[in-house]
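Take a look at the structure below.
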Amino acid sequence: MKFQEYSDYFKSILDQASTEHQAPYNNADYMDYTKLNWSRMNRWFKTGKLTNEIINIVLKIDRPQNWIIITEPWCGDAAHNIPFIEMIAKENPLITTSYELRDAPPNRIEHYLFQNTKSIPRLIIKDEQGNDLGTWGPRPKDCQKLYAELLKNEVDFEKMKFELQNWYNSNKGEDLQRELSSLLASLISTQIGSNHIEKE
């Protein structure tokens, strides 16, 4: 799916009558998460700012890349991170994005587990030939540390959601952009080195 298709799918879940919902959206809690995530995602598209660092680095990409994002509308982390990933990709026409659902074919998440879990979102960067160049996700590193700490302390789910939401609101996508800047810079450096070897 392109982003617009994913967005349409997301919206269709919210527009369905409750009696039409398939699992997990027949669960009221999941529907509440999804409604909140729709608002969060669209808010970041309106208010999120890209840093000069990430813009400068992404513009240096000179070969086609396909960014595959594995996600689900009910995922809170996805709602905070996907807008920035999509905005970054749009800075360079050589980058295409495609979206896949975690719990539907082709079930790509099985090959990109994070600490043996199906945590999302997961960004997979591939070259034109379909080779993996790098991955990111499901959260910025400091957010992941917070999440792990909350789990360790057996914080209840509502408190956990509150703490993670506050982290994302205060960070405003800065850590995600910093981490992607580092990842993309390393990919560019590797490609330059590869070109140098080929010429020798």
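Taking only the range 100-140 into account, find how many residues are assigned to a strand (DSSP E or B) and farther than 28 Å from residue 189 by Cβ.
Filtering the range 100-140 down to residues assigned to a strand (DSSP E or B) leaves 100-101, 114, 117, 122-127, 132-136.
Filter once more, so that each one left must be farther than 28 Å from residue 189 by Cβ: 100-101, 117.
Residues that pass the stated criteria total 3.
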With a cut-off of at least 3 residues that are closer than 25 Å to residue 110 by Cα, name the helices (runs of 4 or more DSSP H) lying wholly within the range 1-96.
3-15, 28-47, 76-89
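Name the residues in the range 128-142 that are charged (D, E, K, R) and surrounded by 15 or more Cβ atoms within 10 Å (Cβ to Cβ), would you?
In the first step, residues of the range 128-142 are kept if they are charged (D, E, K, R); the result is 128, 132, 139, 141-142.
Once the filter is applied, which keeps residues that are charged (D, E, K, R) and surrounded by 15 or more Cβ atoms within 10 Å (Cβ to Cβ), the range 128-142 yields only 139.
Which of the following residues is among the basic types (Lys, Arg) and buried (at least 18 other Cβ atoms within 10 Å of the Cβ): 43, 63, 122? Give the derivation first.
Working: 43 fails: buried (at least 18 other Cβ atoms within 10 Å of the Cβ); 63 fails: buried (at least 18 other Cβ atoms within 10 Å of the Cβ).
It is 122.
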Mind telling me which of the residues 69, 57 ends up being surrounded by 15 or more Cβ atoms within 10 Å (Cβ to Cβ), at pLDDT 95 or above, under 24 Å from residue 179 (Cβ atoms) and touching a Phe, Trp or Tyr at 6+ places or on another chain (Cβ under 6 Å)?
69
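For the range 64-84, check the following and say yes or no: at least one residue is touching a Gly at 6+ places or on another chain (Cβ under 6 Å) and either under 30 Å from residue 158 (Cβ atoms) or not small (Gly, Ala, Ser) (or both). Lay out the reasoning, then the answer.
Of all residues in the range 64-84, those touching a Gly at 6+ places or on another chain (Cβ under 6 Å) come to 83-84.
Still in the list and also either under 30 Å from residue 158 (Cβ atoms) or not small (Gly, Ala, Ser) (or both): 83-84.
Checking the range 64-84: at least one residue is touching a Gly at 6+ places or on another chain (Cβ under 6 Å) and either under 30 Å from residue 158 (Cβ atoms) or not small (Gly, Ala, Ser) (or both).
The values are calculated or read from the model by the stated rules, or taken from the named source; none is laboratory data. Remember, it's a predicted structure, so these values are computed and weren't measured experimentally. Counting neighbours? That spans all protein chains shown, and the Cβs are built from the backbone with ideal geometry, glycine included.
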